[in-house]
1. Residues that are small (Gly, Ala, Ser) and more than 29 Å from Tyr346 (Cα to Cα), at least 1 per element: which helices (runs of 4 or more DSSP H) completely within segment 35-126 meet that?
2. Scan segment 27-63 for residues that are surrounded by fewer than 22 Cβ atoms within 10 Å (Cβ to Cβ) and within 15 Å of ligand 1 (Cβ to nearest atom) and report the count.
3. Go through segment 64-123 and give me each residue that's charged (D, E, K, R), open to solvent by 30 Å² or more (accessible area, probe 1.4 Å) and under 17 Å from Ser28 (Cα atoms).
4. For segment 181-213, which residues satisfy the criterion of being in a strand (DSSP E or B) and within 15 Å of ligand 2 (Cβ to nearest atom)?
5. With respect to Tyr178, is the statement that it is in a loop (DSSP other than H, G, I, E, B), among the hydroxyl-bearing types (Ser, Thr, Tyr) and in contact (Cβ under 8 Å) with a residue 24 or more places away in the chain true?
6. For residues that are within 16 Å of ligand 1 (Cβ to nearest atom), open to solvent by less than 10 Å² (accessible area, probe 1.4 Å) and over 19 Å from the mean Cα position of the chain (by Cα), tally how many sit in segment 305-320.
7. Which condition from (1) charged (D, E, K, R); (2) within 28 Å of Arg393 (Cα to Cα); (3) out of contact with any helix residue (DSSP H, G or I) (no Cβ under 8 Å at 6 or more places or on another chain) is the one that Glu255 breaks?
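The values are calculated or read from the model by the stated rules, or taken from the named source; none is laboratory data. Just so it is clear, the model here is predicted, and its values are computed rather than measured. Neighbour counts run over all protein chains shown; Cβ positions are idealised from the backbone, glycine included. Heavy atoms of the whole protein, side chains included, go into the accessibility calculation; ligands, DNA and RNA do not. Shrake-Rupley method; radii C 1.70, N 1.55, O 1.52, S 1.80 Å.
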Amino acid sequence: MAERALHAGSPRGLYVRTFGCQMNEYDSLRVQRLLADLGYVPVADAAKADVIFLNTCSVRGKAEQKVHSYLGSLRRLKEARPSLKIIAGGCVAQQLGEKLLEKFDHLDIVMGTRAVDSVALLLGRVQENGGRLACLEDKDNGSVDPGAERIWVGGAVTAPVTIMQGCNNYCSYCIVPYVRGPERSRPAAEILKEIERLVESGVREVLLLGQNVNSYGRGIDETITFVDLLRRIAAETGIARIRFTTSHPKDLTDELMACFAGLEPLCKHLHLPVQAGSDPILSRMNRGYTAAEYVEKIRRLRRICPEIGLTSDVIVGFPGETEEDFEKTMALIGEVKFDNLFSFRYSDRPNTRALEFAGKVEKETAARRLMDLQRYQTGVTLGKNLAEVGAIRDVLVEGPSKASNGQMTGRTTQNRVVNFQAPPTAAGKVIGVKIAFACSNSLKGEVVHESGRH
Ligand code: SAM
Ligand code: SF4
C-alpha cells in the first residue's frame, strides 16, 4: 500500500541535515518547502523522521568524508524502521550518482544539484513503486529554478534569493563547475517579482546568491549587468537591505564599488575571496588577477567606502606552494586586514586540474601554515571587533539569539553579529545599538534608540 495512503491525515516528519555552502542551505529550504506541500513537517531528531534529506557538499575532501560517515550512521535507523526514506542531494550526490546507491544500500534516492524541484515526484515514485533511484538530470535544461517565494518560511526577517546558478570560472582546485554546471542567470523580472513578494510578507533583507554574482547577466536574453540588477532591486522592491555573495575579484568593477557608497539599501560588506597572495600560485589557480591587482581594488573600494566590511577566503598548501609563496599570502592578509577570513587547507578534488599538479604540499606543512594564518587572523578580527566598542551601530533585528539566553540578535551593515536585550517584537526593525563588549565572533550591546536607517 502506498505510504501516502498509510499516513493520510497525520503529519509526517522530515529531518534535514545540510553540509556546505549557502547554496546548499537554500536548496534544503526549498526541499523543506516542497515536501511541506505533501504534509511533511520538520523534526529535530532524525530518529523521529519518516524522510531524511541529506544535502551534501564535496568542495573539500573533509566535507565529503563527513557526508560518507553520516550516511553510514543512518543505516541503523533504516534497519529499525524500513519505511523510512533516505534521500541524498547536493554536490556529492551529483558527483557520485548511482555509485552512492551502490555504496549505501539503505539509501533510497540520490538527487543531483539540478533535480531539487523533482524531490516530491521522486519521493512519491519510490514510496508508491518501491525501489531506489538516482536522478541527476538537468530538469529545466539550463534555466534557473525559481526559489525564494517557495522556500521562504513565514516570520523570517532575511531571505536568500538565488540570482544565478553554476560557474564558468574553472579555478583549477574547484569542483563546483563540475557538480553545479555552467553559469545560468535568472531573468531580472522574476527576481524582482520574488523580492517584492518577500517584502510584502515582511522580509527586510535579501541575500542574493550565486557562485560569482558579479558576472550576473551573461547568457540571458536581456542586456543587464549585476549593477543594473542591484539598482532595480533598490528602486523597485522596497527592500530595506541587500547583501550578495560570492563575488570574484576579476569581475569587481568601479561601478559596483560605487554602489557601496551611493546605493542606499546595499549593505556595506563585501566577501571577496582572494585565495592566495603569491602570483605564481594565483596563476596556477586560474584566478585571473595578481595580488597587486587585488590589493589595488581593495584600496579603491576603501577610498570610495571607508567603512566597508571585508571578508575573504584563502587556501593554503596549494600544489607547489613554497614557504615564500605562503609568506606572500601572510603579507597580503597583513596588508588588507580583513574583518574576517575563511581559510582552508587545499584538498584534491576529482576532475579538477590541480589534481594532476606536481608539488603536493605535505599535510603537516599545510596544517602548520593554516594554523599560523588562523592565529594571525583571529587577532586581527578580535582587534577590529574591539574597535567597535563604544560605537552606536544600526542593527537589523533578526530574532532571538541562539547563543545568549533571552537576547535578540541582528547584524550591522558590515555583517557583524550583535546580541542585545530587546523584546521579541523588535524583530524586523532597524535599531541603534551601543556596542559594549567584543568577542571574536560577535558583539554585545545595549539598545539606545529604536529606529535606524540601514
Ligand atoms: N564561488 C565562490 C568563490 O569563487 O570564492 C565560492 C566557492 S567555494 C564553494 C568556497 C571556498 O572553498 C572557495 O573560495 C575556496 O577558498 C574553498 N575551496 C574550493 N575548493 C577547494 C579545495 N579543493 N581545497 C580547499 N579549499 C577549496
Ligand atoms: Fe569555484 Fe572558482 Fe567558480 Fe568560485 S569562481 S565556484 S572557486 S570555480
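1. Correct list: 75-80.
2. Residues in segment 27-63 being surrounded by fewer than 22 Cβ atoms within 10 Å (Cβ to Cβ) and within 15 Å of ligand 1 (Cβ to nearest atom): 6 in total.
3. Arg114, Asp117
4. Once the filter is applied, which keeps residues that are in a strand (DSSP E or B) and within 15 Å of ligand 2 (Cβ to nearest atom), segment 181-213 yields Arg184, Ser185, Leu209.
5. When the stated conditions are applied, Tyr178 does not pass them.
6. Looking only at that region, the number is 4.
7. (3)
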